[in-house]
Amino acid sequence: MNAARLAAASLLAFFGALIVVPPAPVEALREALFDAYQRAFPRERESAPVVIVEIDERTLAERGQWPWPRTQLAELLTRIAAAKPVVIGLDMLMSEPDRFSPDALASLVPDLPRAVAQHLRALPSNEARLAAALRGQRSVLAIAGLDSPDPRHAAPGAPPVRWAGGEIPPLRRFTGWLGSVDELDRAAAGRGLISSDATGRIVRRIPLIADVAGTATPALSLEMWRVATGATALAVSAPSRGLMEVSFADARIPLQDDGTIWVRYARHDPALFVSASQVLAGTADAELFASKLVLVGVTGLGLVDFQPTPLGERVPGVEIHAQLIEQIYDRTFLVRPAWARWVEAGTLLAAVLLLMWIVPRRRVAVSAATLAALVAALIGAGLAAFVLGGLLLDIAWPLLGVLFAFSVLLAATLAEADRQRRALREQAARSAGELAAAYRIQMGLLPDLAAITRALPSLRIAALLEPARTVGGDFFDCLQLDRHRVFFIVGDVSGKGMPAAVFMALSKATIKAAAARGGDLGAAMTRAGAEISRENPEQLFVTAFAGILDLRTGMLECCNAGHEPPYLFTAEGAVERLPNAGGPPLCTLEGFEYATAYRELGPGDSLCVVSDGVTEAMNERHALYGAHQLELALKFAKRDAAPHELVGAVREDVRRFVGNAAASDDITLLALRWAGPPPPPDVTDELADVDLDAPVAGLVDPVVGRH
């Protein structure tokens, strides 16, 4: 027991260190937990202070591709301003001169008459017209932080940020920045940062105050609020009690000690958006913009990266700025003070010490009840802190530490359980031996394809069977009915493992016997289905594709009982899928009569039959291989590929697709090629053997078909 307590103490130290100095995996789990909080309790919209004017697909279709002439953007701003919003923010960068400006057009078209060119150069530039529109109302332009200096831009200028005392903390630093051309920049009432460090990842935090080329710069959403309220500066206090604070007018915004803010998301609401096409057409309701903070952004597909959020949604970046504006207005913040990790470590210490005292002295039921109470308390504390105070407490790692410590302490009192585990391992070893024997038997039931090929020179055939477990329910068979006809089948029994393997053996033998008796193939499948159903107490079913190929004419009789339709690989290299003729799987509809379909093969044509374990093979991302991928594998195979090469190519393509993922189903492949009619028999041979059309028994080789 002392050893168990020592192990529990070691776990306590280990998990405590992970909480206080978290590596990347710990941070990843912590962020996933905080995302779960937001998904469970998304922010409820209490007000509507912001409207987004989106340059969407509809607008681009009506007004032309992006970027627009800046005169058109000026018209959009003028129409928005007519509705008297309190501020307009542009979530876009205009760092290059407008190529549609009159003077630019005069330079681009050298053949213009001199008078026309002079007239164009005398007109105001598009930048001048947009600048006039920006000066006509409170407007904020966007800037982007860069990790290297941009020679076009020096320092951003005097910032609207005033430190309220204390040492300036280390903010997120951008050594350079990218903004709009100077004429537009001077016309705007403010500039706001639109950069974050969440490229390609879930956007959880963004810099609300950042160091841009040595200047403290507010985010676009924060600068819009400053301009809207008429505040001359934003007062920023140094970190106190683990948080910074930004204040302006009567607003107080808590920040992390690096100047970032956690975004508290509400669900995506299409009502926030107004199409720019409606504004330009004059059909948008002016009341939508009156006394609102208006964001203008591009949302057309292909022009903007949609960012993932903790709510599992993907939204345009402009909507994230709108969400920040809303949460500032509603004062619904998320914070994680620096002292939070010490609270989490202290909680873990108290919980593990309690377990170290309880578990050795009480029965298992009492210990389990104590653990359950601790788990419930931790989960309740995390949820309550989030819902009631917007406080992000990580209960995941204290919870894991408690569970591990409990497991170690409890293990010292479970010697009997260890003995039972040893007994179970011995039983599992015996079962593994029995399964290995069953596998050998199943592989031994496969036909000798080499012997059939030797007997029928105009036919080449190859197959492969790989059970998902040790044994499975897939099967294939091949039987020479007479000198000119060969029967083949690929089937799949519902289920996996030993029950499917037993039912497979019964089904395979029954179908093969029905085909050997002759007659119409569909009728043979009907008889076989009826016989199998009588021996089916577990209500299993069988999908199967069966065929009889006449080697004299290339005529293929086939019947499909709910199986994957096979692929015909012509000598010219074309790949087509045979029609799904036949009926449902065997043993599903009582008395169903299966039909026979016919297809004439040409010399050199190949047929590839697969089980659904091929098309439904899954990779590590749970994506399916699919019929389309199989068709591509067949099309890329060599035109004159032998059946064994065709089988190998498909199997290798499936293996590359699946990667390291575990097999999800049995895999069976069978490919055959008809070379054309056999040469006419020698007269002497005919006289020597008058019984050439007598049925030939199927040959079995336990090696062929294994992989």
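The values are calculated or read from the model by the stated rules, or taken from the named source; none is laboratory data. Note that the structure is predicted; figures quoted are calculated from it, not measured. Positions of Cβ are backbone-derived with ideal geometry, glycine not excepted, and every protein chain shown enters the neighbour counts. Just the protein is used for accessible areas: all its heavy atoms, side chains included, with ligands, DNA and RNA removed. Shrake-Rupley method; radii C 1.70, N 1.55, O 1.52, S 1.80 Å.
See the values below:
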{"quantity": "Spherically averaged projected area of segment 569-650 from its Cα convex hull (nm²)", "calculated": "7.1"}
{"quantity": "Theoretical FRET efficiency, 1/(1+(r/R0)^6), r = Cβ-Cβ of A9 and R99, R0 45 Å, to 0.05", "calculated": "0.05"}
{"quantity": "Given charges at Cβ of Lys, Arg, Asp, Glu: the chain dipole, positive-most of N619, A40, Q629", "calculated": "A40"}
{"quantity": "Net length gained if the chain between H644 and A516 were fully extended (0.36 nm per residue, minus Cα distance)", "calculated": "43.5 nm"}
{"quantity": "The chain, accessible surface, carbon-and-sulfur percent (1.4 angstrom probe)", "calculated": "57"}
{"quantity": "Point-to-point label distance, L400-E652, nm (Cα→Cβ direction, 7 Å offset)", "calculated": "4.1"}
{"quantity": "Proximal lysines relative to K508, as straight alpha-carbon distance under 23 Å, when same-chain residues fewer than 8 apart are discounted", "calculated": "K496"}
{"quantity": "Reference-scaled alpha-carbon Rg (2.2 N^0.38 Å with N residues) for the chain", "calculated": "1.40"}
{"quantity": "Placed amide H near I206: partners under 5 Å, 5+ positions off or other chain", "calculated": "I261, V263"}
{"quantity": "Two-site label geometry, A365 and A238: point separation in nm, points 7 Å out along Cα→Cβ", "calculated": "6.0"}
{"quantity": "Rg(Cα) / (2.2 N^0.38 Å) computed for segment 230-322, rounded to two decimals", "calculated": "1.38"}
{"quantity": "Spatially proximal aspartates and glutamates relative to K638 (Cα-Cα < 12 Å; intrachain offsets below 8 disregarded)", "calculated": "E572"}
{"quantity": "Accessible solvent surface per residue of the chain, calculated while the other protein chains remain in place, 1.4 angstrom probe, Å²", "calculated": "46"}
